[in-house]
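The next block holds one structure in the form of structure tokens; read it before the comments.
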Amino acid sequence: MSEEPWLDEHFHVDDNFELLDGEKRAAARSRLSRSYAAALARTGNSELVQLATKLRSCVPGSRCGSGACPQCGVAQKRACIRGVVKRFEGRPTALLTVVPSDPALQPAKLRELVIEAHKTALTKFLQVAGLASLELIGALDLSWNTYGGADTSRFWAPHWHSIIPDEALEEIRNRLCSFYPATLLVPEPVDIKPITITPPKAYSYTFKSVFDARHQYIYGDGSREKAVFEKINVGHPKFTTLALNLDRIGLKERVLELG
């Protein structure tokens, strides 16, 4: 996988790829980027104004490479999908999602997130669990989680979506669950699903370019209502925080390839 695929215009041209359901075309991504820039500039905050300038500079032949850029994010996602297809060609695959349940990896303020710490933690647990040779391509996803009822915690929940071979999935699940224990707020820290239909959609989870705010009500007996999701777009209270930190974190820094 190229270190900076967003600089390759091949990954920005829609005709080179099968578009996913609901995926914005290039012109719409450009408009979205301008919308992001306008919202950031209106804040008057110097860091956000600088980010707005960076997003406005993203044009064919001169890509900005910002982690907050809708255009460069899609290019990185497409490169990840291509990497998965090349790596696992002709082999059955599965989607592995790991949500760290350790509060130390759930920052209340996104600026406190150190992505290398998350990469190191996942790699270490795989090694200790005897899965050091597991083939994996994935990336760190983010959601803003809030709760009501028996627990009123609010925090950013960094988590991993990765593609792995469809081999010994229950063994992998059991080994990882010993290092990622279930908690009240993270009842299912490890999830593995074989990919049997719509592989492109599943593979797109290796690099998310749209992020959610997640709210859930928990009753006193531990039961819970179905979680409610909302996209973190312009106008959402966490939009500027997310954009600034996606830019800080970067694009290739979110990607993890092992094995």
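Each reported figure results from applying straightforward, stated rules to the coordinates on display, with no laboratory input. Computed from a prediction, not measured in an experiment: that's the story for all the values here. Every residue, glycine among them, receives a Cβ derived from its backbone with ideal geometry; neighbour counts consider all protein chains shown.
Count, please, the residues in segment 217-232 that happen to be surrounded by 15 or more Cβ atoms within 10 Å (Cβ to Cβ) and under 24 Å from residue 139 (Cβ atoms). Steps first, please.
First, the residues of segment 217-232 that are surrounded by 15 or more Cβ atoms within 10 Å (Cβ to Cβ): 217-218, 224, 232.
Remaining after also requiring under 24 Å from residue 139 (Cβ atoms): 232.
Selection size over segment 217-232: 1.
Are there any pairs with C-beta distances below 9 angstrom linking a residue in segment 40-53 that is touching a residue at least 40 places away in the same chain (Cβ under 8 Å) and farther than 14 Å from residue 248 by Cβ to a residue that is among the small types (Gly, Ala, Ser) and surrounded by 14 or more Cβ atoms within 10 Å (Cβ to Cβ), with the two at least 6 apart or on different chains, and if so which?
43/52
Counting only residues that are out of contact with any Leu (no Cβ under 6 Å at 6 or more places or on another chain) and under 19 Å from residue 139 (Cα atoms), how many does segment 161-178 have?
Total meeting the criteria: 7.
For segment 21-42, name all the residues that are out of contact with any Asp or Glu (no Cβ under 6 Å at 6 or more places or on another chain), loosely packed, with under 14 Cβ neighbours inside 10 Å and not acidic (Asp, Glu).
22, 27, 28, 31, 38, 42
I need every pair where a residue in segment 115-134 that is exposed (fewer than 15 other Cβ atoms within 10 Å of the Cβ) has its Cβ under 7 Å from the Cβ of a residue that is in a helix (DSSP H, G or I), sequence separation at least 6 or different chains.
From segment 115-134, the pairs are 130/175; 132/126.
I need every pair where a residue in segment 85-99 that is closer than 30 Å to residue 182 by Cβ has its Cβ under 8 Å from the Cβ of a residue that is small (Gly, Ala, Ser) and part of a helix (DSSP H, G or I), sequence separation at least 6 or different chains.
93/202; 95/202
Quick check, is residue 168 over 14 Å from the mean Cα position of the chain (by Cα), among the hydrophobic types (A, V, I, L, M, F, W, C) and at positive phi? Give the steps one after another, and end with the answer.
Numbers: over 14 Å from the mean Cα position of the chain (by Cα): yes; among the hydrophobic types (A, V, I, L, M, F, W, C): yes; at positive phi: yes.
It is true that residue 168 is over 14 Å from the mean Cα position of the chain (by Cα), among the hydrophobic types (A, V, I, L, M, F, W, C) and at positive phi.
Could you name every one of the strands (runs of 3 or more DSSP E) located completely within segment 121-203 that has at least 2 residues being aromatic (Phe, Trp, Tyr) and under 21 Å from residue 225 (Cα atoms)?
On the way: elements: 136-141, 143-149, 154-156, 159-165, 190-194.
Here the list reads 143-149, 154-156.
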